[in-house]
1. Mind checking which residues of the range 111-150 are open to solvent by less than 40 Å² (accessible area, probe 1.4 Å) and touching a residue at least 60 places away in the same chain (Cβ under 8 Å)?
2. Using the structure shown, decide if Phe54 is among the aromatic types (Phe, Trp, Tyr), modelled with pLDDT under 90 and closer than 30 Å to Glu176 by Cβ.
3. Any idea which of Ile138, Ile131, Ile91 is out of contact with any strand residue (DSSP E or B) (no Cβ under 6 Å at 6 or more places or on another chain) and not in a helix (DSSP H, G or I)?
4. Output the residues belonging to the range 155-177 that are in a loop (DSSP other than H, G, I, E, B) and open to solvent by less than 100 Å² (accessible area, probe 1.4 Å).
5. Output the qualifying pairs, or none if there are none: Cβ atoms under 6 angstrom, residues six or more apart or on different chains, first residue in the range 32-51 and more than 11 Å from Asn86 (Cβ to Cβ), second residue part of a helix (DSSP H, G or I) and small (Gly, Ala, Ser).
6. Does any residue in the range 167-179 that is touching a residue at least 60 places away in the same chain (Cβ under 8 Å) come within less than 7 Å, Cβ to Cβ, of a residue that is surrounded by 12 or more Cβ atoms within 10 Å (Cβ to Cβ) and not in a strand (DSSP E or B) six or more places away or on a different chain, and which pairs are these?
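The values are calculated or read from the model by the stated rules, or taken from the named source; none is laboratory data. Being a predicted model, the structure only gives us computed values, none of them experimental. So basically every Cβ, Gly included, is an ideal-geometry build from the backbone, and we count neighbours across all protein chains shown. Heavy atoms of the whole protein, side chains included, go into the accessibility calculation; ligands, DNA and RNA do not. Shrake-Rupley method; radii C 1.70, N 1.55, O 1.52, S 1.80 Å.
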Amino acid sequence: MYFSVFAIENPDLEMVEEIKSARNAAIKASNAKSDFLSNMSHELRTPLNAILGFSQGLLEQDLEPTMKEDIEDIVSASETLLELVNEILDISKIESDKFEIVDIDYPVHKMYKYLVTMTEGRIGSRQLDFIHQYDEDIPPVLNGDVVRIKQIIVNLLTNSVKYTKEGYVKLVMKFERTS
C-alpha cells in the first residue's frame, strides 16, 4: 500500500496575508495616534483656557502700563499655545475627514499687533531688523478663517527669521479691494 502527501505552497498567498496583516496594524496604529492627539489636545486646552481667562480678567483691573503690557504678552503667548494645540487637533480632524474652514469676523489690527510682537520676540537679540507696515485703509474687521490666516503668516515669518542671517525681515499688510 502506497500513499503520498503533497503540500502545495503559494508564496503569493502568504504575501497577500502579510500585506493584509501589515495594513491592519497600520490602521490600528493610526487610529491610536489620532485618539492620543485628540485626547491630549483636549487635556491641554483646559489649563490653557484657564490661563487665558485669568489673564484677560487681570487686564480689566486698574494696572500700571508695564504690568498691563506683560499681561497682554501672557494673553498673546497663551493664545499662541492654544492655537498650536488646536493645530494638533486639526491633524486628527484632517485624518478623519472632519476638517472645516471657519469664516468669522476678526479685528485685523489685533492680528497685526500679535504678528509684530511674535516676530520681534523671535528675533530677540539677533542682528536682524524687523520692518513692518500696516495699511491704514484696511477695514477694522475682515471675515475669514483667522486661525489659518495667522498660522500661514506665522509660519512664513518664523521661517524668514530662522533663515535670514543678516539684513531684515519685512511684514507689509496692505488692502486691495477686489470687485
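1. Those that are open to solvent by less than 40 Å² (accessible area, probe 1.4 Å) and touching a residue at least 60 places away in the same chain (Cβ under 8 Å): Tyr112, Lys150.
2. Criteria not met by Phe54.
3. None of the other options fit; the residue is Ile138.
4. Thr164, Phe175
5. Listed pairs, sorted by first residue: Ser34/Ser92; Leu37/Ser92; Ser38/Ser92; Ile51/Ser78.
6. From residues that are touching a residue at least 60 places away in the same chain (Cβ under 8 Å), the pairs are Met173/Tyr112; Met173/Asp135; Met173/Ile138.
Each row is one residue, and each column tells you yes or no for (1) open to solvent by 90 Å² or more (accessible area, probe 1.4 Å); (2) closer than 25 Å to Leu142 by Cα.
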| site | (1), (2) |
| --- | --- |
| Leu37 | no, no |
| Leu48 | no, no |
| Gly53 | no, yes |
| Gln61 | yes, no |
| Ser78 | no, yes |
| Glu100 | yes, yes |
| His109 | no, yes |
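Let's see how each residue does on (1) out of contact with any Ser or Thr (no Cβ under 6 Å at 6 or more places or on another chain); (2) assigned to a helix (DSSP H, G or I); (3) not hydroxyl-bearing (Ser, Thr, Tyr):
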{"residue": "Ala22", "(1), (2), (3)": "yes, yes, yes"}
{"residue": "Ile27", "(1), (2), (3)": "yes, yes, yes"}
{"residue": "Ser34", "(1), (2), (3)": "no, yes, no"}
{"residue": "Met40", "(1), (2), (3)": "yes, yes, yes"}
{"residue": "Glu43", "(1), (2), (3)": "yes, yes, yes"}
{"residue": "Leu52", "(1), (2), (3)": "no, yes, yes"}
{"residue": "Met67", "(1), (2), (3)": "yes, yes, yes"}
{"residue": "Asp70", "(1), (2), (3)": "yes, yes, yes"}
